[in-house]
Structures are given as structure tokens and as C-alpha cells.
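The structure under discussion appears below in the form of C-alpha cells.
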Amino acid sequence: MYKIILVYLLLATQIVIGQQQQMTLEDAVLGRSTYLKPETLKDLVWKNDRVYTWEEKGAIRAEDAKNDVKSTLLTIEDANAILKHEADNQLRSFSGYSWTENEELLLQHGGRYYALDIEDKKVVWNISIPAEAENAKLNEQGKFIAYAIGDDLYVSFADGKQVRITSDGGNGIVNGKSVHRNEFGISNGIFASPKGNYIAFYRMDESMVTDYPVVDFMTRVAKHTPVKYPMAGMNSHHVTVGIFNLASGKTHFLNTGEPLERYFTNISWSPDEKSIFIAELNREQDHMMLNRYDVASGEKVQTLFEEQHDAYVEPLHPLLFSKVNNEEFYYLSRRDGWFHIYKYSVSGELKAQLTKGEWETARIIGFSENEKYLFIEAHKESPLELHIYRVETKSGKIEKLTDVEGVHKGILSTNGSYVIDRFSAPEIPLQTGLISANGKTRRTLHVADNPLKNHQLGENRLVPVLSADGKTELAGRLILPVNFDPAKKYPVIVYVYGGPHSQLVDKSWLNGANWWQYYMASKGYIAFTMDNRGTNNRGRAFESSVHRQLGVLETDDQMKGIEYLRSLSYVDAERIGVHGWSYGGFMTLNMMLRHPGVFKVGVAGGPVVDWSMYEIMYGERYMDRPQENPEGYRETNMLNRVENLEGDLMLIHGVQDDVVVMQHSMQFLRECVKQEKQVDFFVYPTHPHNVRGKDRVHLMEKVSRYFIEKLKKEHEAAEAAMK
């Protein structure tokens, strides 16, 4: 009987394995964000302090956090009846909806924004904007939308009125859009005041910046479409901040003075709208001044405080004003080497440092109703985890609210009574829970099914690797081939990025794995990724250690990862490949050219080759200007290392790339020709810095084929050549 059961179990296991799918390229590239994306409560938001809502099957559903009572607030049919749209222009989903302070439903549809009273089933107000509008920002207090058309700023009101705020746009002048190439946390160029009486906006003068030639080859006669691209050490654009008074219809600019080449970041309004605060950074990016300006006159009132560092200062977060005292605010800074929360008065007096320790605060989620507590996300337990905490504002006492290992992100109710906790963990695709502010009430709201449960995946392990200086335990992720046999030897593909503000390995679902790595594991490859010095969530010293010498320490650390791989009996040390994009493309070149003979194959996508050809804001932060750091620029210039190239290398670049411009690849290829080094090259017409959409499947197939072809065993390659 025992033998019969054993045979049955073995057969059953083989049947299950046989039924499991292998990861396809379409799964890895397109499926991850579509048909294989973990399900969740869609558009989950708070309506008030007790009721949260989400969209489900064409309706907005609600649940009371206190008594678990569920209800349906509005259906698509109800909404279309209120909107009275024609059949061909009807709302099909509630995607992107939100709630106003008055609990009116905010919807966007067909270039028009609506506020609905769902109780009385009526439109409270609506605003229409032109089809060509960009960067639209709704202000529900003032009932207006500010937006850009071309390079000028406009505003439309609920009464149908439209006002053109600027008229000098064009010829290098840009109004109402993000500036400084989206560095310093900047993603917006329009900043409405809290009560909706003013609009602050960026005005950028790029007329002194060099035009960089980008060509559109898809027209009958190729078209020149230049972009403004300030390269390291060259002229930068000039930015000013305008204030538009909606009552008077007049605009004036803050008197920010000189020098003109500065960075104006993290614009913040005071609650009374009398002051505006700007974190101003010198071009060298080593000295920040938090300045306060008088809104009425535009004059600077005072410098509240300054921050300086030998490497760089990088302000990333605007001020968060107290809800109970308009004369105080909270600020997230790395002034002690770690991102922590500081409380200041509007006169610049430091009231308290609320969080402390060798760990990073990631985000302030919000306050409790009386501001007794702040709620934050932080990497306190580990750089690989993110948890939600409650911080007492008077004492700084901190309490952890989330209890499952993983990466947690919170949505706080309007008065801070509850936190919605969305998280994933290595074995949890996505889970949503509810936690009361004191942590005593906990409830699971939704658990996503594993969308890869029918896929056969290689084993995924977190592995520790000591940094090259021996001071820090780095995190690596190893994915073993499907049907792994430890008695065999397998080729390895290292996927690398390695640059600032990045983290590829954490304790989110599947340890943060890139699904292409699972695809390659299904083809018999070991996939390896590691975060080196210079990456995120380990403090300023860890990140800024690479200052003025990008690629050097990062490569030293990555080679410690290679040492680890070579120590494994099942790794074929003669068949190791490396692939990365952008900074990862730069790292691919570093690893191949600084350590010739180690890597049999490399694929560098959109690679930085010479930092003197990269843009000012990012490039000068980490490398200083070329004239200030000539040795550093020589050391990190990959053109100076082409002679070391061994193995097979392919470069890939987007023809319309305006981030890492095509010049990088062109100069590298020219140097390869000069030195008689054979390399492969492929371009993607119509694509900018990265290849998105359906074409990305083509890209990853090209990358995969290159590794599969070039990492064949010698006898396999010889046999293939004879056929």
C-alpha cells in the first residue's frame, strides 16, 4: 500500500509540474502590469475619517471602518444620469475619482472636471479645459484648474471663464511646467495657495542653454526636433517664481536676486497665504538656504536655516505645516546623515528632532486630529523593509503599527483615526489591511490571489554580500533556474542598475525581482542582482561615498557579488553576462572594461559613457563640474577603457533619447572602431530614453537572444556554427 501511495504522489507531482506554465517574455514584460498584476481594491481612498471607498464592477463601494457596514454609493448608470451625457460620451469607469472636503465626488471625464453631490444627485460645479492643455492642476477651494498650453500658463473657472496668465512663452521661455529636469523631487510647475487665492508657478528661461539635435526619422524628410540640454559645466537655465493673484488678475515675481544659476525647489505656501517658502540650492549643490518670501511684495523676508555638506545637499520634500499651529512646520532632512523629521517655527527656530537613529524616514503620511501623533513610513527595521509608524509629536516616541515583514504603504483617514495598509512581502503579492491609529484594531480588507501560481518559477533567495570596503552587508538576490540541479553548472546573467535613488532588492513580493530574470531562469540561467554603495535607504554616507567618482566603488562592490557567485559550485564562472540600462548601462560598461575577461557577454542599454555629456543637475551633483574634477571625469570616462574590452558587447539606444543622448553610444562606437574592437549595436526609432509598450517585448527578446547565443558552451557554439 505504501509503495502504491508513493507512486501516486510522484505521478501527481509530475502532473502538477507539467501543468505549470513557464514565464514567457509577454508575461514578464506586459503581464506584470496587466493580466498578471495582483488584484486589489481599485481606487481605494478615504471619503472621511471613518468611511473608505473603492471602485468595484462599475460602482463606488464604501465600508465604515468602525462597524464594517458596506454599501454602494453610486453606480456608473447613476453617474451618467446625473451628468446627462450623450450615449457616445458616457462615463465608463470611476478611475481616478476622489472626494472633496465637503464629501463631493470629484470626477474627470472628457476634458471636464465635475464635483457631484451624490445624495441630491446633482452636479455642484464643473470646469472644462481645452484638449491641448498640459499639466492640469485642480484647486477645489478656488474651483479652478491651472494648466499650460504650449509654454504659457492659463486658468479656467467653474463659471466658464478662462484667463491667460502668461504670454511670453516660447523661444526658450517656459511657464507652468516642472524645471531643473525634474530633479530635487520636482514633478510640477504649478502651486495653488491653500485657500485658492493665488497661483505660484515656475518660469524657466532656457534661451542661454545649448540646443541639442534630436532627429525624427519617421517623416518623409527627417525632421530636426531640438531639445534644450544643459551639459555638465555648461550654461544652465534660469528660473524665477511668479505669483498670480486671482482677484486682481495681476502677476508679480519673487525677487530672488542673483546668482541666476540656482535651483528653486520644494515650493511651499504658508496656511495664511502670506508667505511662500523655497529651498534654494546653489549650482554647486552643496549649500541650501530655506528662504521665506512675502507674497504681497515678492521680497525675501528671511533665511530660516541653511544646510551644507562637502559632497552635496539634496532637498527633496516641501514643508508640511502644522494643523494646530500655523507658525510651525515639519521638515524631512538628512542634516544628521539620515532622513529624519524636524519641527521648526516659521522664524527658523528648531523646536525638535522627532525621529533619530541610523535609519531613514521615507514619508510623512499625515497627522492625528489633534496632532498628538505623526504617521510615517520608514526603513527602521531594515533597509529592505518599509513599515508604518506612529510618532508622538511631543516626545518623539515611536510605535510600529505594521507587523508583517515586507514593504508597507499607508493611506491615512482624514482625521488620522485609521490607516489603510497596503503591503507585499516575498511570499505575498499584495494585501490590504485596516489599522486603527492606536494599533489595537486590525482587519484584513483584501488578499490578492497569486497571479503566478500556475507558473513554474526558479527559486528566489536573498543573499548577503559584504561591500568591498568590508563595512556594510549588501543585499543580493539570486534566482535559480527552473528544475535546478546543484550537480550541474549554470551560466549567470547579472542585472545591474547601481545608481543613486535606486533599490532593486528588497522584501516586497518576489524580493523585488525583475520578471525578465524569471524568464531567463526558465531558459536555464542563474539571475543575480545586488545593490551596491551609492544606492538608496542606507543613509547619506553610504549614498554619497561615490561622489566625484561614479562607477568606481559601485563596480568594486559588484565584483564582490561576482566573487560570491564564483564561490558557488553550480556557477559556470566562464559564462557570466551582465545587463543594465541607463546608469545600469554605464555599470555594464564599467564591469566589463574594468574587469576584462570576467564577463563573457554584456548588453548596455542607453549607457552613460562620459559624464561631461550628461545634464547639469544630476551630473554636477554627483561629479561636480568637469573643470572642478578633471581627474574624476577621466577616471569615469568609458572611452578611456575601450582597449580593455574582451567578450561580446551590444549597445542599445533610443533614437529620441533626451536623457542619455545618443552621443554617448556614438562616441563609444567610434572609439571601438579606432581600436578595432568589435561590438554590436541596435537602435529603437521613435523611442526616447527607454523602450516602452509593446516594443519592449521586442527589446527584451533581442537582449535575451543575445545572451542565449553568446553564453552557449564552446562545443554548442561550434556545432551551431557548422550547421
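The table below lists the values:
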| item | result |
| --- | --- |
| Hits in segment 258-280 - residues which are of a type in the set (Asp, Glu) and more than 24 Å from residue 327 (Cβ to Cβ) | 258, 261 |
| Qualifying residue in segment 201-208 (condition: surrounded by 20 or more Cβ atoms within 10 Å (Cβ to Cβ) and over 24 Å from residue 288 (Cα atoms)) | no |
| Checklist (1) of a type in the set (S, T, N, Q); (2) more than 17 Å from residue 609 (Cα to Cα); (3) surrounded by 18 or more Cβ atoms within 10 Å (Cβ to Cβ) applied to residue 686, failing item | (3) |
| Exclusive hit being part of a strand (DSSP E or B) and under 26 Å from the mean Cα position of the chain (by Cα), set 304, 281 | 281 |
| Matching option when the condition is of a type in the set (S, T, N, Q), modelled with pLDDT of 95 or more, farther than 30 Å from residue 612 by Cβ and in a loop (DSSP other than H, G, I, E, B), among 167, 178, 236 | 167 |
| Residue in segment 363-378 that is buried (at least 20 other Cβ atoms within 10 Å of the Cβ) and more than 30 Å from residue 102 (Cβ to Cβ) present | yes |
| Index of the failed condition, residue 291 passing every other in (1) assigned to a strand (DSSP E or B); (2) under 22 Å from residue 135 (Cβ atoms) | (2) |
| 2 or more residues more than 29 Å from residue 261 (Cβ to Cβ): qualifying helices (runs of 4 or more DSSP H) within segment 622-723 | 663-674, 695-710, 714-722 |
| Residues of segment 221-233 satisfying the condition of being of a type in the set (Gly, Ala, Ser) and either under 26 Å from the mean Cα position of the chain (by Cα) or part of a strand (DSSP E or B) (or both) | 232 |
| Odd one out for residue 524 among (1) surrounded by fewer than 19 Cβ atoms within 10 Å (Cβ to Cβ); (2) in a strand (DSSP E or B); (3) in contact with a Pro (Cβ under 6 Å, 6 or more places away or on another chain) | (2) |
| Segment 47-103, subset touching a residue at least 40 places away in the same chain (Cβ under 8 Å), aliphatic (A, V, I, L, M) and surrounded by 14 or more Cβ atoms within 10 Å (Cβ to Cβ), residue nearest to residue 432 (Cα to Cα) | 65 |
| In segment 268-291, the residues that are acidic (Asp, Glu) and in contact with a Ser or Thr (Cβ under 9 Å, 6 or more places away or on another chain) | 273, 280 |
| Selection status of residue 589, at negative phi and surrounded by fewer than 22 Cβ atoms within 10 Å (Cβ to Cβ) | no |
| Residues of segment 603-621 that turn out to be part of a helix (DSSP H, G or I) and β-branched (Val, Ile, Thr), as a count | 1 |
| Pairs where the first residue, in segment 199-212, is free of Cβ contacts under 8 Å to residues at least 24 places away in the same chain and the second is assigned to a loop (DSSP other than H, G, I, E, B) and surrounded by fewer than 23 Cβ atoms within 10 Å (Cβ to Cβ), C-beta under 9 Å, 6+ apart | 211/226; 211/229 |
| Top-ranked residue in segment 215-264 [being in contact with a helix residue (DSSP H, G or I) (Cβ under 9 Å, 6 or more places away or on another chain) and of a type in the set (Gly, Ala, Ser); ranked as farthest from residue 663 (Cα to Cα)] | 236 |
| Qualifying residue in segment 153-172 (condition: of a type in the set (Lys, Arg) and in contact with a Leu (Cβ under 9 Å, 6 or more places away or on another chain)) | yes |
| Verdict on residue 533 being assigned by TED's automatic domain parsing to the domain that holds residue 708, crowded, with 22+ Cβ neighbours inside 10 Å and not in a loop (DSSP other than H, G, I, E, B) | no |
| Any hit, segment 175-185, residues being free of Cβ contacts under 8 Å to residues at least 40 places away in the same chain and buried (at least 20 other Cβ atoms within 10 Å of the Cβ) | no |
| For residue 415: the one exception among (1) surrounded by fewer than 21 Cβ atoms within 10 Å (Cβ to Cβ); (2) closer than 30 Å to residue 520 by Cβ | (2) |
| Cβ-Cβ under 6 Å pairs, at least 6 apart or on other chains, segment 287-316 side in contact (Cβ under 8 Å) with a residue 24 or more places away in the chain and over 30 Å from residue 542 (Cβ atoms), far side small (Gly, Ala, Ser) and surrounded by 16 or more Cβ atoms within 10 Å (Cβ to Cβ) | 292/275 |
| Residue, farthest from residue 101 (Cα to Cα), within segment 131-160, restricted to residues that are among the small types (Gly, Ala, Ser) and free of Cβ contacts under 8 Å to residues at least 24 places away in the same chain | 150 |
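Table: residues versus (1) of a type in the set (A, V, I, L, M, F, W, C); (2) assigned by TED's automatic domain parsing to the domain that holds residue 624; (3) closer than 18 Å to residue 195 by Cβ; (4) surrounded by fewer than 19 Cβ atoms within 10 Å (Cβ to Cβ).
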| residue | (1), (2), (3), (4) |
| --- | --- |
| 283 | no, no, no, yes |
| 286 | no, no, no, yes |
| 294 | no, no, yes, yes |
| 299 | no, no, no, yes |
| 317 | no, no, no, no |
| 326 | no, no, yes, yes |
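Conditions tested, residue by residue: (1) in the same structural domain as residue 603 (by TED's automatic domain parsing); (2) touching a helix residue (DSSP H, G or I) at 6+ places or on another chain (Cβ under 8 Å); (3) of a type outside the set (Phe, Trp, Tyr); (4) in a loop (DSSP other than H, G, I, E, B).
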position: 475; (1), (2), (3), (4): yes, no, yes, no
position: 481; (1), (2), (3), (4): yes, yes, yes, yes
position: 485; (1), (2), (3), (4): yes, no, yes, yes
position: 488; (1), (2), (3), (4): yes, no, yes, yes
position: 501; (1), (2), (3), (4): yes, no, yes, yes
position: 504; (1), (2), (3), (4): yes, yes, yes, yes
position: 518; (1), (2), (3), (4): yes, yes, no, no
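Per-residue answers, yes or no, for (1) of a type outside the set (Val, Ile, Thr); (2) assigned to a loop (DSSP other than H, G, I, E, B):
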residue: 419; (1), (2): no, no
residue: 423; (1), (2): yes, no
residue: 432; (1), (2): no, no
residue: 439; (1), (2): yes, yes
residue: 446; (1), (2): yes, no
residue: 449; (1), (2): yes, yes
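The values are calculated or read from the model by the stated rules, or taken from the named source; none is laboratory data. All of these numbers come straight from a predicted model, not from anything done at the bench. Methodologically, a virtual Cβ is constructed for each residue, glycine included, from the backbone with ideal geometry; neighbour enumeration extends over all protein chains shown.
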